[in-house]
Amino acid sequence: MIKYLFLGIPVMLLVSCGGDSAVPAPSKEAIDSLKLKTGQVVLCGPPDKEFGIVDFDIAGSKQVKADFNTAVELLHSFEYDEAEKVFAKIIDESPGTEMAYWGVAMCNFHPLWEPPTENDLKKGSRAVAIAGSLKPGSPREAAFVGAVAAYYKDWSKTDPHTRSLRFEKAMEELHGKYPEDKEGAIFYALSLDAAAEPTDKTYAKQKKAGGILDSLYSSAPNHPGIIHYIIHTYDYPGIAGLGLAAARRYAKVAPSSAHALHMPSHIFTRLGLWDECIQSNLQSVEAAKCYAQSVGIKGHWDEELHGLDYLVYGYLQKGDNAAAGEQLKYLGTIQDVFPVNFKEAYTFAASPCRFVLENKDWAGACGLALQPASFPWAKFPWQEAIVHFGRLLGDVHNKEVGAAEKELARMDTLHSSLMKLNDAYKARQVEIQMTAGRAWIAHAKGVDGEALSFMRRAADLEDSTSKHPVTPGEVLPTRELYADLLVAVHREKEAFVEYQAVLKKSPNRFNSLYGAGKVSELLGDTANAGLYYRQLVAVAAAGSGRVELNSAREFLGKRK
């Protein structure tokens, strides 16, 4: 038997899968090199650990098959750490099970989240190599391994999107060869969502994925992957309604997953269903806290902060500053997080910024800071730029143009660092905010023609791309800012059109409902003023003290 070295580890790697020299089990050294997460599955929810129902047939004993399905159920809800524990159990008890190593590789892939870290990629590559050294349980299983191997191939030289396209191509071939294979179809749909271009406003790949998943849903309504990926597939303006039924079911199917409790709020947020969004994330945050305590995480789990960001956003859209403020107060107590990643950075930066900007608290915007100070902000230039954007708008509205220009210069530096990292998407997000910042600086200098040109460009840029899946929405929609600028230069008719465009993309946004109502009132259009003010009152929290809401109620009260 010949051992080959992969990253310095002997794995008995073969040139091709399933040949005569395939081995029944990998070396102990190879398995140890994976440094697998092990132990009991820990999740918070019903005592019988409900994750949904998966039937993914593989070669192996009855126990291996049962464990494998549990692991895939967890995998489909992005409970990657817990899924890896179950795949590790299979490897410990049946080390020759090829598909268990496929599972480890999938756990470290994260198709719809931030790309894997270097350590994730090394682990996934090692798992793929081990799987390739084993005799496959079937040609179909070898195809699954080959598909994830396509993602990890040359990972140190290839960007994540290119690797996602490879995975999509491989899954397309697998689906074509095994069209009746349900899991093959589901993972192909996932690969389409992962490979979708954020600038493709036809949503071609998403619609293709949706067609696959919708065709499976009626026959497997308790499958966590089908429901979860339907939500991701339709998490876009104009098509979010297609995911509403799945959104309202997912938490019931997999109530033991904090992510499954949160994920429906993506659709609820898209549709402006704020009460459902808030309830979804209250449950998710509590489950995430429970999980962190149960597994002994020092500090707060990233899934908790993710839910907090959506909670703040939802409360703000109801005009409920008191509830949003309570969440921010709690966020301010958080210092230690695990794992340190982009989701936490986004929440730390965006949530406080949202609060002051949504309330047009310009003095508060000037005082925004990178908190917690101990967080490694240098690793997250996009998120840092959000804070500088908030400060820029605060400075402009407080007539501190010089200070605003300094914030713009810092954003330019952060934009350059993202360009050097070839992170085009995040660089574009910073560029959009920089362009909006230039618009308001120009307005402060009295150059309104230039200001409107910059602002229109920023709004069009934002419309040409999609929000990041981690976010409930832009920190402040650029088209809404454009409408605000049009109001500031007394072009109310044009502002009304822009507020309507925002509401088409983001239904029930508090400030755009108020803006559309207010400009209608200024134009003497009492019908539209009443229409939008009534919507605002219907959406808002009963006890909200927002001055905009009081103004709307006063207008409506005079016309009873």
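The values are calculated or read from the model by the stated rules, or taken from the named source; none is laboratory data. This is a predicted model, so every value here is computed, not measured. Positions of Cβ are generated from backbone atoms using ideal geometry, with glycine treated the same way; all protein chains shown enter the neighbour counts.
Would you tally the residues in segment 471-501 being in a loop (DSSP other than H, G, I, E, B) and either within 30 Å of the chain's Cα centre (by Cα) or within 18 Å of G238 (Cβ to Cβ) (or both)? Give the derivation first.
So in segment 471-501, the residues in a loop (DSSP other than H, G, I, E, B) come out as 471-477, 489-491.
Retained after the next criterion (residues that are either within 30 Å of the chain's Cα centre (by Cα) or within 18 Å of G238 (Cβ to Cβ) (or both)): 471-477.
Number of matching residues: 7.
Out of segment 316-340, which residues are part of a loop (DSSP other than H, G, I, E, B) and crowded, with 18+ Cβ neighbours inside 10 Å? Outline the logic, then answer.
Within segment 316-340, the first condition is being part of a loop (DSSP other than H, G, I, E, B), and the residues that meet it are 318-320, 332-336, 339-340.
Within segment 316-340, K318, G319, D320, I334 meet the criteria.
Quick check on segment 124-160: of everything there that is in contact (Cβ under 8 Å) with a residue 24 or more places away in the chain and touching a Lys or Arg at 6+ places or on another chain (Cβ under 7 Å), which residue is surrounded by the fewest Cβ atoms within 10 Å (Cβ to Cβ)?
Ranking the candidates gives W155 first.
Working only within segment 434-461, note down all residues that are more than 20 Å from D395 (Cβ to Cβ) and over 32 Å from the mean Cα position of the chain (by Cα).
Of everything in segment 434-461, just one residue is more than 20 Å from D395 (Cβ to Cβ) and over 32 Å from the mean Cα position of the chain (by Cα), namely G449.
Just to be sure I understand the filter: pairs with C-beta atoms under 6 Å, separated by 6 or more residues or on different chains, first member in segment 544-560 and in contact (Cβ under 8 Å) with a residue 40 or more places away in the chain, second member part of a helix (DSSP H, G or I) and surrounded by 16 or more Cβ atoms within 10 Å (Cβ to Cβ). Which pairs pass?
That search, which allows pairs on different chains as well, returns E548/Y514.
Among the residues of segment 53-81, write down those that are closer than 19 Å to L34 by Cα, in a helix (DSSP H, G or I) and within 20 Å of the chain's Cα centre (by Cα).
L75, Y80, D81
For segment 342-376, give me each residue that is over 24 Å from the mean Cα position of the chain (by Cα) and in a helix (DSSP H, G or I).
The answer is W362, A363, G364, A365, C366.
Against the definition (touching a Phe, Trp or Tyr at 6+ places or on another chain (Cβ under 9 Å) and part of a helix (DSSP H, G or I)), how does G211 come out, yes or no? Give the steps one after another, and end with the answer.
Values: touching a Phe, Trp or Tyr at 6+ places or on another chain (Cβ under 9 Å): no; part of a helix (DSSP H, G or I): yes.
So G211 fails the test.
Quick check on my filter: what residues within segment 292-315 are more than 14 Å from Q279 (Cα to Cα) and aliphatic (A, V, I, L, M)?
Correct list: A292, V295, I297, L305.
Hey, does segment 222-235 have a residue that's surrounded by fewer than 24 Cβ atoms within 10 Å (Cβ to Cβ) and not in a helix (DSSP H, G or I)?
yes
Restricting to segment 159-182, count the residues that are of a type in the set (D, E) and touching a Ser or Thr at 6+ places or on another chain (Cβ under 8 Å).
Applying the first criterion (of a type in the set (D, E)) to segment 159-182 yields 159, 168, 172-173, 180-181.
Still in the running and touching a Ser or Thr at 6+ places or on another chain (Cβ under 8 Å): 168, 172.
The number of residues fulfilling the criteria is 2.
Residue pairs, Cβ under 7 Å, 6 or more apart or interchain, first in segment 73-97 and assigned by TED's automatic domain parsing to the domain that holds Y188, second charged (D, E, K, R). List them.
L74/E82; D81/K37; E84/K37; K85/K37; V86/D67; A88/K37; K89/D67; I90/D67
Going through segment 354-386 one residue at a time, which ones are basic (K, R) and over 28 Å from A424 (Cβ atoms)?
Let us first name the residues in segment 354-386 that are basic (K, R), namely 354, 360, 379.
The answer is K360, and nothing else.
Answer yes or no as to whether A194 is in a helix (DSSP H, G or I), of a type in the set (G, A, S), within 15 Å of E168 (Cβ to Cβ) and in contact (Cβ under 8 Å) with a residue 60 or more places away in the chain. Give the derivation first.
Numbers: in a helix (DSSP H, G or I): yes; of a type in the set (G, A, S): yes; within 15 Å of E168 (Cβ to Cβ): yes; in contact (Cβ under 8 Å) with a residue 60 or more places away in the chain: yes.
Taking the combined requirement at face value, the residue satisfies it.
Looking for whichever is within 23 Å of F68 (Cα to Cα), within 18 Å of the chain's Cα centre (by Cα) and not basic (K, R) here; the options are A258, A194, A246, A240. Which one fits?
Details: A194 fails: within 23 Å of F68 (Cα to Cα); A246 fails: within 23 Å of F68 (Cα to Cα); A240 fails: within 23 Å of F68 (Cα to Cα).
That would be A258, the only listed residue that is within 23 Å of F68 (Cα to Cα), within 18 Å of the chain's Cα centre (by Cα) and not basic (K, R).
What single numbered condition from (1) on the phi > 0 side of the Ramachandran plot; (2) touching a helix residue (DSSP H, G or I) at 6+ places or on another chain (Cβ under 7 Å) fails to hold for D154?
The failed condition is (2).
So which residues in segment 104-137 are at pLDDT below 95 and of a type in the set (G, A, S)?
The answer is G132, S133, G137.
So which residues in segment 239-262 are without any contact (Cβ under 8 Å) to a residue 40 or more places away in the chain and not in a helix (DSSP H, G or I)?
Within segment 239-262, I239 is the sole residue that qualifies.
Taking the options S464, S506, name whichever one is at pLDDT below 95 and within 21 Å of the chain's Cα centre (by Cα). Can you show your working first?
On the way: S506 fails: at pLDDT below 95.
From the options S464, S506, the qualifying one is S464.
Within segment 381-401, is even one residue under 26 Å from W274 (Cβ atoms), outside the structural domain of K445 (by TED's automatic domain parsing) and part of a helix (DSSP H, G or I)?
There is no residue in segment 381-401 that is under 26 Å from W274 (Cβ atoms), outside the structural domain of K445 (by TED's automatic domain parsing) and part of a helix (DSSP H, G or I).
Is one or more of the residues making up segment 89-110 over 21 Å from K135 (Cα atoms), within 27 Å of the chain's Cα centre (by Cα) and surrounded by fewer than 21 Cβ atoms within 10 Å (Cβ to Cβ)?
Let us first name the residues in segment 89-110 that are over 21 Å from K135 (Cα atoms), namely 107-110.
Filter once more, keeping what is within 27 Å of the chain's Cα centre (by Cα): 107-110.
From what is left, the residues that are surrounded by fewer than 21 Cβ atoms within 10 Å (Cβ to Cβ) are 110.
Checked segment 89-110: at least one residue is over 21 Å from K135 (Cα atoms), within 27 Å of the chain's Cα centre (by Cα) and surrounded by fewer than 21 Cβ atoms within 10 Å (Cβ to Cβ).
Would you mind finding the one in A542, A538, A529 that is surrounded by fewer than 21 Cβ atoms within 10 Å (Cβ to Cβ) and assigned to a helix (DSSP H, G or I)?
Values: A542 fails: assigned to a helix (DSSP H, G or I); A529 fails: surrounded by fewer than 21 Cβ atoms within 10 Å (Cβ to Cβ).
The conditions single out A538.
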